[in-house]
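Visitor: One structure follows; several queries about it will come next.
The values are calculated or read from the model by the stated rules, or taken from the named source; none is laboratory data. The model shown is predicted, which means the values in this text are computed figures rather than measured ones. Here the Cβ positions follow ideal geometry from the backbone for every residue, glycine too, while neighbour counts run over all protein chains shown. Keep in mind that these areas ignore ligands, DNA and RNA; they rest on the heavy atoms of the full protein, side chains included. Shrake-Rupley method; radii C 1.70, N 1.55, O 1.52, S 1.80 Å.
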Amino acid sequence: MRQYESPERYSLHCTLCEREIRDNSVYCERCNATFHRACIVEHLYSNRFCPACREKLSLIDLQYGEPSVRRSIPIEIRKPQWPLEEVPFFEMDVAVHPAQKIEYVFEPRKKRRFFTHGQGFISQYLPERTIKRFKRNRKGMGGVYMLSIAVVIAVLAPVLILYDPAVYMSEDAYVYHHPTWKYPLGTDVFGRDVYSQVVWGFRSALLIAVPSALLVGVIGTLVGLVSGYYSGLIDAVLQRISMAFLVWPSVPLVALIVFSWGPHLALPAVILGVAFTLWPTTARAIRAEVMSLKTRTFIESAKVSGAPSRRIVFRHILPRVIHITFLYMTIAVASALVLEATFNFLGLTSPAVVTWGQMLSFTYHASSARFAVGGGMTWWTILPPGMAITYMVLSFFLISAGLRESMKVTSVSF
Amino acid sequence: MKKTRIPIFFAKKAVGAVITIFLVMSILFVLLHSVAGGDMVTRLHPFASAEEKAELRELWGLDKPLFEQYIVFMKKVFTLDYRLTQDQQTTSMDTLLFFLPYTILLFGTATITSYIIGIYLGVQLLSWRSNGLKTLVSGMSIIFYSVPAFVLAISFKRWLIFKYQIFPPVNIFNGEASTLFEHLENIQMLLPAMALPLIVLVLVGLARPLLLLRDHMTLLLDEPFVLTARAKGLSRNTVLSEHVARCAILPLMSDASINLALIFSGGILIEYIFSWPGIGMQLFSALRSLYYPTIAAAIFLLTLLLLTSMIIVDTLNAYLDPRVSL
């Protein structure tokens, strides 16, 4: 170890910026390369290694002051293996030569994207931003997984069922059978296997839910856009019409449609009824959003530059309100299932189509007709279809909640 | 709100309500007359001879051309005349008006209770420290929101009424009350039977105000006025309930009118399941036999009830929110 006599002669130089260090010098413990404190801190913002020796380095490992020994940086061999004496590790005679200047070459990582710190980056493009947030949202992704499981069950339903879910077995041995290995969830009042019915019910549930959601989305969005953008007479007329459909109770509406079409078309009637009674809420929510968007400057600039109103509505406004459509579509799914079950209670649907609502209604009606009061209501005929409806509704609800959270929208109700 | 604008506001609302009722009844007329398998006569007397049917049609005015029937129908709707024949003593409107107080009692109590509990829980939810309790309450409300109301009703009926017999199985109801006193006596007798439908309706209606209020309040927590209130030295609960909740209630009120419609259309089945003497029960029994006057009167009354409550909500909203002008 050797002390330096004159600090003027052996002035310290920063390895990073190659300027002289007057105060606050910092050196790497391993290679004794000296840095300005500011330089190395700035370097360590984005890197985790010493710029001179490329070893792992953090702010805590840095030593303050001057290095007691100046030595050249071992570039060729970083981690010397045994035996040590064969390798000329460092020269003790550095005092003769001034501190060696090390060229700092920044080596970019090979797979380096444009935005390295993508976590904090928020895209200006709305759908991309939403999808990115949605993927990180636990609620929303849970809903997606639940829904995909339901779709898989619906597709594989012919494989999964044990018995024909629609065939009646009227002998007493088959009626209200307890859950056993033969009948995993027991049988209902008609001797049908509950498990097979629940599995088959996934099909009809999806068949009802998806078209009604699409109808609600399309009608509600179009009406909402038109009445929000063209205020005045059109708006007033559409508002009154939507109010009329809003206050119509959905149950009598669908009942009358079923009466006129017949019970074999009950499911299309339910779909139509849900679309009829739910588009006003969608239209109202979208109208309110469009009214507030209309006053923004980008719409004005589009108008000034001569864009036709059709283009303004569909290109500029629609992408900003489409999330409301999705939210209300998920609500439509829930109410479609509920309404379908309601119709079974009134005895308006075809008994050949197995649905969860039908199972519940059969249980309810059989309990008062065939057995003593409440005697026929067994837990295995109520809970499985009820929980299946809840599962389906919950999955769509979770998706809509996740979507709402990822859009950061709360003005819209769920 | 300016005082001069109040009559104009109500006049606008009234005109809107009349137009809405007109549209609703028009849709009803179209639906009633598009029904396949015969009209009301065929449904009520399926085995009557052709002459008897023709006689009844003539008596009830069902043999006229459709346009004329429509005009007569509309005239009857707006003159509140639901008589089938001129000499009918008790019209279906009278029957339904008899049942109206019970519907208002059930739904009014349920809506007000669910909103009060929902708002209270929504405010409390943010001030609780325990995360588990928060998750529990909001999760339970989400689950109750996604369970269809009638599934809850059937399960409650099966377990709480039939099996464990906590609630009475039969309503004690006197269907011939004429004076107000007798109505009050009826209501007193119905109170134990009201508990279960009320619980179901409150549980189902609780989630919407609760979750909406919670979301709005979480958004408002970043606002500078909250910081100011905290800096003044107000306690956390005071800030939440006095400052934040008051602002967050406003969008809740504007949402309430849509929520009311959903509660009404979903809740009339609850009346049927618990055999609650109300309009919904009458409507269901009329739908089975397709008895036109009762259906029309029930739809009319439900629409009127809904529109009235919507106007009340709008007025309240305009009173509370300075941004909404009358």
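Visitor: Residues being surrounded by fewer than 20 Cβ atoms within 10 Å (Cβ to Cβ) and more than 33 Å from the chain's Cα centre (by Cα): count how many of those fall in the stretch A:187-207.
Guide: Summing the residues that are surrounded by fewer than 20 Cβ atoms within 10 Å (Cβ to Cβ) and more than 33 Å from the chain's Cα centre (by Cα) in the stretch A:187-207 gives 2.
Visitor: Let me ask something additional. Keeping to the stretch A:22-41, report how many residues are surrounded by fewer than 20 Cβ atoms within 10 Å (Cβ to Cβ) and either farther than 16 Å from A:Gln63 by Cα or modelled with pLDDT under 85 (or both).
Guide: Residues that pass the stated criteria total 5.
Visitor: For the stretch B:278-294, give me the residue count where each residue is part of a helix (DSSP H, G or I) and at the interface with chain A (Cβ under 8 Å from one of its Cβ atoms).
Guide: Going through the stretch B:278-294 one residue at a time, the tally reaches 4.
Visitor: While we're on this one: Hey, B:Lys75 hits all of (1) surrounded by 13 or more Cβ atoms within 10 Å (Cβ to Cβ); (2) in the same structural domain as B:Val15 (by TED's automatic domain parsing); (3) assigned to a helix (DSSP H, G or I) but one; which does it fall short on?
Guide: (1)
Yes or no, residue by residue, for (1) farther than 28 Å from A:Arg203 by Cβ; (2) surrounded by fewer than 21 Cβ atoms within 10 Å (Cβ to Cβ):
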site: A:Tyr230; (1), (2): yes, yes
site: A:Ser250; (1), (2): no, no
site: A:Gly262; (1), (2): no, yes
site: A:Ala266; (1), (2): no, no
site: A:Ala269; (1), (2): no, no
site: A:Gly273; (1), (2): no, no
site: A:Arg284; (1), (2): yes, no
site: A:Met291; (1), (2): yes, yes
site: A:Val304; (1), (2): yes, yes
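Visitor: Tell me, which residue of the stretch B:282-308 that is modelled with pLDDT of 85 or more and of a type in the set (Ser, Thr, Tyr) is farthest from B:Thr111 (Cα to Cα)?
Guide: Top of the filtered list is B:Thr294.
Visitor: Name the single residue that is surrounded by the fewest Cβ atoms within 10 Å (Cβ to Cβ) among those in the stretch B:151-160 being in contact with a helix residue (DSSP H, G or I) (Cβ under 8 Å, 6 or more places away or on another chain) and more than 7 Å from chain A (Cβ to nearest Cβ).
Guide: B:Leu160
Visitor: Among the listed residues B:Phe225, B:Phe274, identify the single one that is more than 9 Å from chain A (Cβ to nearest Cβ) and either hydroxyl-bearing (Ser, Thr, Tyr) or free of Cβ contacts under 8 Å to residues at least 24 places away in the same chain (or both).
Guide: Just one listed residue meets the conditions, B:Phe225.
Visitor: Of the conditions (1) in contact (Cβ under 8 Å) with a residue 24 or more places away in the chain; (2) surrounded by 13 or more Cβ atoms within 10 Å (Cβ to Cβ), B:Leu66 fails just one. Which one is it?
Guide: Unmet condition: (2).
Visitor: Moving to a separate point now. Quick one: which residue in B:Leu28, B:Leu44 is at the interface with chain A (Cβ under 9 Å from one of its Cβ atoms), surrounded by 12 or more Cβ atoms within 10 Å (Cβ to Cβ) and touching a residue at least 60 places away in the same chain (Cβ under 8 Å)?
Guide: None of the others qualify; the one that does is B:Leu28.
Visitor: Residues in the stretch A:232-248 that are open to solvent by less than 10 Å² (accessible area, probe 1.4 Å) and either more than 7 Å from chain B (Cβ to nearest Cβ) or small (Gly, Ala, Ser) (or both): how many?
Guide: Qualifying residue count for the region: 2.
Visitor: May I ask you to list the residues in the stretch B:260-293 that are touching a Lys or Arg at 6+ places or on another chain (Cβ under 7 Å) and open to solvent by less than 10 Å² (accessible area, probe 1.4 Å)?
Guide: Hits for the stretch B:260-293 are B:Ile273, B:Leu290.
Visitor: Would you be able to say whether some residue in the stretch B:239-256 is within 30 Å of B:Pro192 (Cα to Cα), within 9 Å of chain A (Cβ to nearest Cβ) and open to solvent by 10 Å² or more (accessible area, probe 1.4 Å)?
Guide: Scanning the stretch B:239-256 turns up no residue that is within 30 Å of B:Pro192 (Cα to Cα), within 9 Å of chain A (Cβ to nearest Cβ) and open to solvent by 10 Å² or more (accessible area, probe 1.4 Å).
Visitor: Now, a different point. B:Thr91 - would you say it is polar (S, T, N, Q), within 29 Å of the chain's Cα centre (by Cα) and either open to solvent by 70 Å² or more (accessible area, probe 1.4 Å) or closer than 21 Å to B:Phe264 by Cα (or both)?
Guide: Spelling it out, it is not the case that B:Thr91 is polar (S, T, N, Q), within 29 Å of the chain's Cα centre (by Cα) and either open to solvent by 70 Å² or more (accessible area, probe 1.4 Å) or closer than 21 Å to B:Phe264 by Cα (or both).
This table checks each residue for (1) in contact (Cβ under 8 Å) with a residue 60 or more places away in the chain; (2) over 30 Å from B:Thr294 (Cβ atoms); (3) crowded, with 21+ Cβ neighbours inside 10 Å.
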site	(1), (2), (3)
B:Thr95	yes, no, no
B:Ala110	yes, no, yes
B:Tyr115	yes, yes, yes
B:Leu121	yes, yes, no
B:Gln124	no, yes, no
B:Ser138	yes, yes, no
B:Ile143	no, yes, no
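Visitor: Let me ask something else. Test B:Ser130 against the stated conditions and say whether it is open to solvent by less than 40 Å² (accessible area, probe 1.4 Å), polar (S, T, N, Q) and out of contact with any strand residue (DSSP E or B) (no Cβ under 8 Å at 6 or more places or on another chain).
Guide: no
Visitor: Which one is nearest to A:Arg138 (Cα to Cα) among residues in the stretch B:161-182 that are in a helix (DSSP H, G or I) and open to solvent by 70 Å² or more (accessible area, probe 1.4 Å)?
Guide: B:Lys163
Visitor: Counting just the residues of the stretch A:162-197 that are closer than 16 Å to A:Gln358 by Cβ and of a type in the set (Val, Ile, Thr), which one comes out modelled with the highest pLDDT?
Guide: Only one residue tops the list, namely A:Val194.
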